[in-house]
1. Step through the residues of region 557-571 one at a time and calculate ³J(HN,Hα) from phi using the Karplus curve (6.51 cos²θ - 1.76 cosθ + 1.60, θ = phi - 60°), rounding each to whole Hz and writing x for Gly and Pro.
2. Could you tell me the extents of region 1-52's C-alpha atoms along the three principal axes, largest first, rounded to whole Å?
3. Sequence gap at least 6, Cα distance under 8 Å: using those rules, report the relative contact order of the chain to the nearest whole percent.
4. Can you tell me the 0 to 90 degree angle between the C-alpha axis of helix 402-417 and the longest principal axis of the chain, rounded to 10?
5. Normalized C-alpha radius of gyration of region 282-436, against 2.2 N^0.38 Å?
6. Need one number: the % of Cα-Cα pairs in region 111-262 sitting beyond the 24 Å mark.
7. Using a probe of 1.4 angstrom, how much of the accessible area of region 301-449 is carbon and sulfur, in percent?
8. How large is the Kirkwood hydrodynamic radius of region 353-420, counting all unique pairs of alpha carbons, in Å?
Amino acid sequence: MSNVLLSNGWIAVVSPALFALAIGLFGTRTRTFVPWLSMFAPLTVLATGIAALSATAASEAAGYTGTYLTPPVGEGSLRWLLGATEGIRIGFAIDGLTALMLVVVGFVALMVMLFSIGYMADDPGLVRYYALLCLFTASMTLLVIADGLVGLFVGWELVGACSYLLIGFWFHKPSAAAAAIKAFLTTRVGDVGMLLGLAVLWQTTGALSYPDVFSAVPGLSTGTVTLIALLLFVGAAGKSAQFPLHIWLPDAMEGPTPVSALIHAATMVAAGVFLVARTWPVFEAAPNAQVVVLAIGAFTALAAATIALAQTDIKKVLAYSTISQLGFMFAALGAGAWVAAMFHLITHAAFKALLFLGSGSVIHGAETQDMREMGGLLKLMPITAATWLIGSAALAGIPPLAGFWSKDEVIHAVMSRSPLAGVALLAASLLTAFYITRATRLTFFGSYRGTHHPHEGGWVMWVPLVALAVPASLAGFAGHKIAETLGERGESLDFTTAALSIGVAFLGVAVGWIAYRDGVVSELDVEARFGRAWPVLRNAYGFDGLVSAVVVRPVYALSDWLYNLVDRKIFDGAAEGVGTLTRKIGTGMSRIQYGDTQWYATLLAAGFVVLAVLVAVDWAMIAQWLSTNLGVR
């Protein structure tokens, strides 16, 4: 079975796509079975990933010692766009990096679909919801297994479309519709940069498949490689919500919470990190581009962590946390530690999906997203509370949970490349431990402050939490194995960095625990102490307002001006003018047609005279020409 999946990798894409199509066409007739049938889509992806990991391990046992990734354990292609010569081919190649991503996508999608059975049970759009989840799974799988940048870009755009549809799933809410449009347009800015990068690659190398591109990179000039890397990074920054293209992700929380766990925490937003890792030979040959990636990543990690401090919406806290953690990954990439970045991507997918689903369980039980209206849920929702504590401790970097190991490796790599960026990540780690402790205190401890009756969901909601808590706890111990799967050697624990990380994590937890010992009362005290700074943080430094003033409003003004001048007065004026002229001619001609026979006879006679004159003049001209040129009389 594993050989079939690996030699026919398209199954992992086609299977979820067919489920999406079938559910969309016939799902309303079998609504009860739709969620259970949908799970075969991520199961196919997960099975392919596990088979690939097994085959990759066998390859390593056979003595492979590569320097970038592992040899493909399954590949194939077909001609997509025909041309004068070979045309463009699109194919799949399953190697170590692909195998790890397939496991992440398949496992998280499976847990999200199971959780959604309880969370979305009464939603009238349930069938549409599961069809979109299956389509997203297919799209993300295509992005991951593609053997070149053409296939990756197709999957890239499809996951963007699915994100738009799922963010705006409750499109009857103006806020959800606006958030979907904002996400779509913001990520399109990044996609334009990426598309330009592909165009430059095609122009300079004549290829877009990974092997051909990588073999051509050494022959390119430093400036060209740097330009290509920066353009690819623009696309990665848009999809992974890095400054200044980060503004779409917090608003994306308007979609159903399980969607946030799948798309906006574990998989789609990690696509930018995957893109840089997948094209690492390009970035490796562009050290100046690495500096930009490092600077943007470190800045985003620290800035987003400060914003998360002041959020009162539990999902907004996790949204800015995701932006910050993605910044850690890009900082690692900029420091040349792409394996550390992928390690943190995998552990983050586990504990952040756990936290998002945990927030979904809280929202489902307490019927609010405002942490100030929660409290005391430790006793009322014990399973959710226990798994949340595991996820939050992993996020804070408490050993021996997964986040500690991967974050330590990232900080060590960045500190070695740039001490300033390393200090920024340590500061972000301190703030991370503080804001997740604050969220935990406000949500699960103290007395309940809401008006509803919090309760645990059914087993379909708590089983995914328990299942995700396992890798959130243990995945950190697989660091060396993950590195070997990627064709590299795992890094040993640096005790100095580890000591700093542990100290920072426990300091952040302690300060957060003490500062919020009185729950929402402490929140008010903190707001009072920070004065105007707290609203500034809660408003994300007013960056949305700045973008609106500098970009959105001028574009709207320019659009209005072009509409009123060019569209209405020139194009519409020309079209309407022709119509008006025709109508006036018709109206004028109609005035001479009123049924008077004598008038018609007069017009007929006049017309005959005019025609006779024209004929006479015409013959006279012909005779003159013949006489002049041919001498004919």
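1. These are the phi-based 3J(HN,Hα) values: 5, 5, 5, 4, 5, 5, 5, 6, 8, 6, 6, 6, 7, 8, 5 Hz.
2. Reported extents, whole Å, longest axis first: 36, 15, 12.
3. Worked out over the chain, it gives 12 percent.
4. Result, in degrees: 70.
5. 1.08
6. Working: 4596 of 11476 pairs.
For region 111-262, the share of Cα pairs beyond 24 Å comes to 40 percent.
7. Looking at region 301-449 in its full context, I get 66 percent from C and S.
8. Over region 353-420, the inverse of the mean reciprocal pair distance is 13.7 Å.
The values are calculated or read from the model by the stated rules, or taken from the named source; none is laboratory data. Keep in mind that what you see is a predicted model, and the values were worked out from it rather than measured. Neighbour counts run over all protein chains shown; Cβ positions are idealised from the backbone, glycine included. Note: accessible area is taken over every heavy atom of the protein model, side chains too, but ligands, DNA and RNA are not part of it. Shrake-Rupley method; radii C 1.70, N 1.55, O 1.52, S 1.80 Å.
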